[in-house]
Amino acid sequence: MPPSSLIRNLIAGELKQNFIITSSGEAHANILGGSLTQAAVGLKIWEQDHGGLISRVGEDFPRQWIKDLQDLNFDTQGIRILPNALDLRQFHNYYDSDAAQNENPVASYVELGLPFPKALLGYAPPLQEIDSRTRTGEDPIRINDVPEHYLDASAAHLCPLDFHSHQFLISLFMQNKINTLTLDPGEGYMHPIFWDDLSLLLNGITAFQVSEEKLHAIFRGRTTDLWEMAEELARFGCEIIIIKRKARGQMIYNHASHEHWDIPAYPSDVKDPTGAGDAFGGGFLAGFRKTYDPVEASLYGNISASLVIEGSPPFYAIDAMPGLAEARLESLRGMARKV
C-alpha cells in the first residue's frame, strides 16, 4: 500500500504464532494471532477504511501472514521485520475450562488424543515478569518502526505492550495529529511500583481499557472497589475508564459526566476466547470514531468481541453473516444500563 494512502486509524500490538485447542476440543496449529491481529479484526468488523499496523516480528515470521493483513486493506509498513528470529509461539487450551490453560501443551494434546504439532516442540510458556522502569526490554517499539505517513492519522489504539513501548508511542502520538488515543495496559507494568508512572501515561488519554485482574494488581493495598478505582484513574487526566470483565461485560466511567454504566457481554457461543479484549479495543475505536460516545463505542467493542470468540482462525469474525454485527449491536443497546 503506497505511503500516500490516507491512514485514519493506527493499532500497535503484538503478532503471535498461535496454537489453540478450542472449548470443543478442536485444534488449530500454527495460525496467525496476537493482540494486533485481534484488535485489527475488531476494527475491521465496523470500519472499511484501511488502518496502519505497528509491531515487531522476527525474520522467521511467515510473510504470508503479513500479506493476509494487507489483503484486509491494512497498511503493514509499520510491521518491522528484525534481522533475527523471534519465538512468537503462544499456546492456549480452552477445552473444558472457562480460562485458558497455557502449561504443558504435550499433556493437553495427549489427553485429547490429538497429534502434537512439530512446530510446538521446545515451547515453554513465557514468564510473567514485572517491566523494568530503568531499561527497555529486548524488542520495544522504536521510532524507526513508525512510518512517517502514520503520523497523519487522527486515532490510535495501543494493545498491551511493555512500559517503554507505550511511553514512547503515547509521547509520539500526542506530539502529532492523534486526537483519539485508547490504551490497554501491559501486564508487566500493572504493578504498584508503577503507580506514579501510570499517572503520567494516562494524562490526556481518551480511554483506558483495563481488565479487572490488572486493576486489582495495581490497586493492591489501596481499594477493592472497582468504581473507586475507575474514578481514581480518571483523575490522572483520562476521559473514559473501561473495566473489562470477560463474561460479565464492561463497566464504563465517563469522567466528564461522572456517569457509571454497565454493559453485559453479548451472549455468544464461546469456542475460542483468545483476544476477546483486544477485539474489544479495535471495535471501541471504530465506534468512538463514529459516535464519540463512550457507551455506544463500548457496545461496538462488545459486539466485536462476541464475534471473535465464536470461532477460529482469527479472521473468522470478518466472514460473519452480513448484518449480524449490526443486529447484535441493536439488541445490546437495550441491555446497557446506567448505575
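Taken together, the values in this text are just the output of simple stated rules run on the coordinates, not laboratory data. Note that the structure is a prediction, hence the values are computed from the model and not measured. Quick reminder, even Gly has a Cβ in these numbers, built from the backbone with ideal geometry, and neighbours come from all protein chains shown.
Quick notes on this one:
- A simple spin-label model places pseudo-atoms 7 Å from Cα toward Cβ; at Val110 and Arg235 they are separated by 5.4 nm.
- From the alpha carbon centroid of the range 87-138 to that of the range 250-325 is 26 Å.
- Taking every C-alpha pair closer than 8 Å and separated by at least 6 residues, the mean separation divided by the residue count of the range 91-176 gives a relative contact order of 21 percent.
- Overall dimensions of the range 176-308 by Cα: Rg and Dmax, Å: 14.1, 41
- Antiparallel DSSP beta bridges within the chain, percent to nearest 5: 40
- GNM result for the chain, Cα springs below 10 Å: residue of Asn30, Asn203, Asn144 fluctuating most strongly: Asn144
- Scattering profile of the range 241-339 at q = 0.10, 0.15, 0.18 Å⁻¹ [log10 I(q)/I(0), Debye over alpha-carbon scatterers]: -0.24, -0.53, -0.76
- The HN-Hα couplings worked out from phi for the range 258-263 by the Karplus form 6.51 cos²θ - 1.76 cosθ + 1.60 (θ = phi - 60°) are 6, 8, 10, 10, 10, 10 Hz, whole numbers, x standing for Gly and Pro.
- Computed on the Cα trace of the range 87-187, the radius of gyration divided by the Kirkwood hydrodynamic radius gives Rg/Rh = 1.11.
- Annotation note: GluC sites (Glu not before Pro) in the range 157-258 located in DSSP loop regions with a Cβ neighbour count of at most 11 within 10 Å are absent.
- The chain: most fluctuating residue of Val295, Val270, Val41 per GNM, C-alpha cutoff 10 Å: Val270
- Annotation: extensible slack from Glu259 through Gln101 equals 53.2 nm (criterion: 0.36 nm per residue apart, minus Cα-Cα distance).
- Taking a point 7 Å from the Cα of Asn176 along the Cα-to-Cβ direction, the residues of the range 107-146 with backbone N closer than 15 Å to it are 141-146.
- Note on Lys244: lysines with a C-alpha under 25 Å away, same-chain residues under 8 apart excluded, are Lys16, Lys44, Lys214, Lys271, Lys290, Lys338.
- Sequence-ordered 3J(HN,Hα) estimates for the range 101-118 from the Karplus curve with 6.51, -1.76 and 1.60 and θ = phi - 60° stand at 9, 9, 8, 6, x, 4, 4, 5, 5, 5, 4, 8, x, 9, x, 7, x, 4 Hz, glycine and proline given as x.
- In this simple spin-label approximation, Glu296 and Asp269 carry label points 7 Å from Cα along the Cα→Cβ vector, and these lie 3.2 nm apart.
- Per-q log10 I(q)/I(0), the range 9-338, q = 0.07, 0.13 Å⁻¹ (Debye; single scatterer per alpha-carbon; no solvent): -0.26, -0.97
- Highest-fluctuation residue, Gly249, Gly283, Gly122 considered, GNM on the chain with Cα pairs under 10 Å: Gly122
- The range 180-189 - phi-based ³J(HN,Hα) in whole Hz, Karplus 6.51/-1.76/1.60, Gly and Pro as x: 10, 9, 10, 9, 10, x, x, 4, x, 10
- Here the spin labels are modelled as points 7 Å beyond Cα on the Cα-Cβ line, and at Arg142 and Gln48 they lie 4.0 nm apart.
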